[in-house]
Amino acid sequence: MAQNPGEVLDHFNLFRQPEYVEMLTNKKKNFENPIPVEEVERVRDWAKTQEYREKNFARTAVTINPAKACQPLGAVFVAVGFEGTLPFVHGSQGCVAYYRSHFSRHFKEPTSCVSSSMTEDAAVFGGLKNMIDGLANAYSLYKPKMIAVSTSCMAEVIGDDLNAFIKNAKEQGSVPQELDVPFAHTPAFVGSHVTGYDNALKGILTHFWQGKERVPNEKINFIGGFDGYVVGNLREIRRMFDLMGAAYTILCDPSDTWDTPTDGQFRMYDGGTTLEETKLALNAKATVSFQEFCTEKSLGFCAEVGQEVLALNHPIGVAGTDKFLMGISRLSGKPIPESLTRERGRLLDAMADSSAHIHGKRFALYGDPDFTYGMAGFLMELGAEPVHVLATNGGSAWETKMTELLASSPFGKGCHAYPGKDLWHMRSLLFTEPVDFLIGNTYGKYLERDTGTPLIRIGFPIFDRHHHHRYPIWGYQGGLNLLVKILDRIFEDFDRNTNVPAKSDYSYDIIR
Ligand code: SF4
């Protein structure tokens, strides 16, 4: 065998050794019902055609590679953003292993989350016992200040009642009566991770605010929504609020838990919105959400308690950041400081410097509804065309808003929004109406390989590149980061297409 303790090969090289090549060839021949190569090629070519696209878009009974995750993932995101809070999913262990690994692979940090370990017996008889034992174990082992409960598919299919179960568990002494245990039902078979975010956040706000008297003050609540760049973005938001001199509370801030220092100490909990801040946030004069479609119910609840609500759509770039800062200025009564105005000018300057290279480039993009809205707006600001904009978890309201946005600019002409479609639909779009670049998460690398469309990794999750989440994409600074990321890929492409000596290298330039 090629593998031996004296020379350990990693998977890149190991599976290229002759014995593995032979084994894989035999496996294909003997067990995989091999189809002739010509037939595979024929079908592959047919699946690139307009005829196939029409069949693909007529498909109703199956989803292939949806660009979304299930509700509890969003609920876990929310829980991580509160001080000393342990996410607790009432359901099976495998689901929770997925949430933990999904976040850990993206943020390159451990993500703590427990389950009530429901198995077959709980699926038949209900999961009350699992809740009672699970809360008791979680509390005594991990000593949280708050346990935020959500549900996986299994608990929702059998209809477990979280409110009654948690009351019951408290009565039986699993956790102290006074321990904060907010909850949200997060059925994974409807909505997506953004719905789960919304339900979980509303659950926490309801737990702390319902039935309490509101004494309005001048503070502003800020909700970021489900965001893969939360580490860099929330620090940028804090910086902008501080420069504005406005008093604010960030509701749900996981930026420290997903960015703990290496200093020999494991921090299961770090930072987060304190429980005291969360209680007092009821009194804020307004709540600003950076992701309207991700926080519909939470914002509805904020409005119900009497707060003014400002719903934005993942603002990226100049106009988006302007709208945010003007909103904060109006709400706080403070002017936008010169330092931020200068940052705006610098972003505009950078956009102008590079506009010759990005102007007229055609993009396809996919992701969450608010992200795609903000990103499409920024692309048009740059003079680029967001030709295909796809959100698997986008609905008709997103489609209407997106279509209006595209119609508002000459760069949106001929561009379309695709709600409820998946990445197999995107494949058909890329083959039949090709674009220059694709923007999306790591899963887009298969589309890049398949269709030859260069992928610019922006979104969630990013598993195969490191540390992107540390850099903001919000605010003028964030716009600059994104501009550089997009330009780098454009220039790499220029270089790749011009590097053949004596053939194309008359354009293989040092200066771009
Ligand atoms: S879809 Fe259902 S089974 Fe799958 S991870 Fe989500 S909750 Fe678990």
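Any idea which of 122, 75, 87 is furthest toward the positive side of the dipole for region 51-126, if Lys and Arg beta-carbons carry +1 and Asp and Glu beta-carbons -1?
The residue sitting farthest along the positive end of the dipole is 75.
Let's see if you can work this out: charge +1 on each Lys and Arg Cβ, -1 on each Asp and Glu Cβ, no other charges. What is the dipole magnitude of region 323-434 about its Cα centre, in debye to the nearest 20?
The dipole magnitude comes to about 180 debye.
Please state the shape class of region 335-401: rounded when a/c is under 1.5, otherwise prolate if a/b exceeds b/c and oblate if not, all from the C-alpha gyration tensor.
oblate
Tell me the carbon and sulfur percent of the accessible area for region 401-471, rounded to whole percent, probe radius 1.4 Å.
Percent of accessible area from carbon and sulfur atoms in region 401-471: 54.
Could you compute how much accessible surface residue 256 exposes when probed at 1.4 Å, giving the result in Å² to the nearest 10?
Taking all protein chains as shown, residue 256 has close to 60 Å².
Please compute the per residue accessible area over the chain with all protein chains in place, 1.4 Å probe, rounded to a whole number of Å².
With all protein chains present, the chain gives 46 Å² per residue.
In whole Hz and in residue order, list the ³J(HN,Hα) couplings for region 115-124 that follow from phi through the Karplus curve 6.51 cos²θ - 1.76 cosθ + 1.60, θ = phi - 60°; x for Gly and Pro.
10, 8, 6, 6, 10, 4, 5, 5, 5, 8
Please give the per residue volume of the convex hull enclosing the alpha carbon atoms of region 243-384, rounded to a whole number of Å³.
Taking the convex hull of the Cα positions in region 243-384, it is 163 Å³ per residue.
Whole Å is fine, so just give me how far the alpha carbon centre of region 375-405 lies from that of region 415-469.
Each part reduced to its Cα centre gives a spacing of 14 Å.
Toward the positive end of the charge dipole of region 217-310, about the Cα centre and with charges on Cβ (Lys, Arg +1; Asp, Glu -1), which of 291, 217, 233 goes farthest?
Farthest along the dipole direction, towards plus: 217.
Between 191, 206, 52, whose Cα lies farthest towards the positive end of the dipole of the chain when Lys and Arg beta carbons carry +1 and Asp and Glu beta carbons carry -1, centred on the Cα centre?
52
Using only the alpha-carbon atoms, what does region 151-251 span along each of its principal axes? Please give whole angstrom values in decreasing order.
49, 33, 20
Taking the highest mean first, how do the peptides 106-114, 74-82, 282-290 order by number of other beta carbon atoms within 10 angstrom per residue?
In descending order of packing, they fall as 74-82, 282-290, 106-114.
When only the heavy atoms of the protein chains count and the probe is 1.4 Å, how do 424, 209 rank by accessible area, highest first?
Largest to smallest exposure gives the sequence 424, 209.
Sorted by accessible area (1.4 Å probe), largest first, how do 153, 252 line up?
Putting 153, 252 in descending order of accessible area: 153, 252.
Where does region 1-123 land on the Kirkwood hydrodynamic radius, alpha-carbon pairs, in angstrom? Write down the numbers at each step before the final one.
Working: mean 1/r = 0.0502 Å⁻¹.
By the Kirkwood definition, the hydrodynamic radius is 19.9 Å.
Viscosity 0.890 mPa s, temperature 25 °C: give me the Stokes-Einstein translational D for region 60-202 in µm²/s, with Rh taken as the Kirkwood radius over C-alpha pairs. It would help to have the intermediate numbers written out before the result.
Values: Rh = 15.1 Å.
Translational D for this selection: 163 µm²/s.
To the nearest 20 debye, what charge dipole does region 242-355 have about its Cα centre, counting +1 at the Cβ of each Lys and Arg and -1 at the Cβ of each Asp and Glu?
So the magnitude is around 380 debye.
Classify region 314-439 as rounded, prolate or oblate from the Cα gyration tensor: take a ≥ b ≥ c as the square roots of its eigenvalues, call it rounded if a/c is under 1.5, otherwise prolate when a/b beats b/c and oblate if not.
oblate
Students often get this wrong, so check it: of 145/212; 55/445; 170/202; 108/279; 48/361, which have C-alpha atoms separated by over 27 Å?
Exceeds cut-off: 108/279.
Classify the chain as rounded, prolate or oblate, taking a ≥ b ≥ c as the square roots of the eigenvalues of its Cα gyration tensor: rounded when a/c is under 1.5, otherwise prolate if a/b is larger than b/c and oblate if not.
In terms of gyration-tensor shape, oblate.
Got a number for carbon plus sulfur as a percent of region 24-133's accessible area, 1.4 Å probe?
56
With a point put 7 Å past each Cα toward its Cβ, work out how far residue 330 is from residue 285 in nm, to one decimal.
Label at residue 330, label at residue 285, 1.3 nm between them.
How long are the semi-axes of the equivalent ellipsoid of region 406-512, taking √(5λ) for every eigenvalue λ of the Cα gyration tensor, in whole Å from largest down?
After scaling each eigenvalue by five and taking roots: 25, 20, 17 Å.
At 0.36 nm per residue, minus the direct Cα-Cα distance, what do residue 8 and residue 323 gain on full extension? Give it in nm, one decimal, please.
Roughly 107.9 nm would be gained on extension.
Using only protein heavy atoms and a 1.4 Å probe, report how much of residue 416 is accessible, in Å² to the nearest 10.
90
Starting from 0.36 nm per residue, how many nanometres of slack lie between residue 98 and residue 260 once their C-alpha separation is accounted for?
56.2 nm
Would you rank 160, 133 by solvent-accessible area, highest first, keeping every protein chain in place and using a 1.4 Å probe? Show your work: numbers first, answer last.
Details: 160 10, 133 65 Å².
From most exposed to least exposed: 133, 160.
Calculate the dipole size of the chain relative to its Cα centre from +1 charges on Lys and Arg beta carbons and -1 charges on Asp and Glu beta carbons; express the result in debye to the nearest 20.
340
Ignoring ligands and nucleic acids, what accessible area does residue 269 show with a 1.4 Å probe (Å², nearest 10)?
Answer for residue 269: close to 60 Å² accessible.
The values are calculated or read from the model by the stated rules, or taken from the named source; none is laboratory data. A quick note: this is a predicted structure, and the numbers were derived from the prediction, not measured. Heads up, the Cβs are rebuilt from the backbone with ideal geometry, glycines too, and the neighbour counts pull from every protein chain shown. With ligands, DNA and RNA removed, areas are computed over all heavy atoms of the protein, side chains included. Shrake-Rupley method; radii C 1.70, N 1.55, O 1.52, S 1.80 Å.
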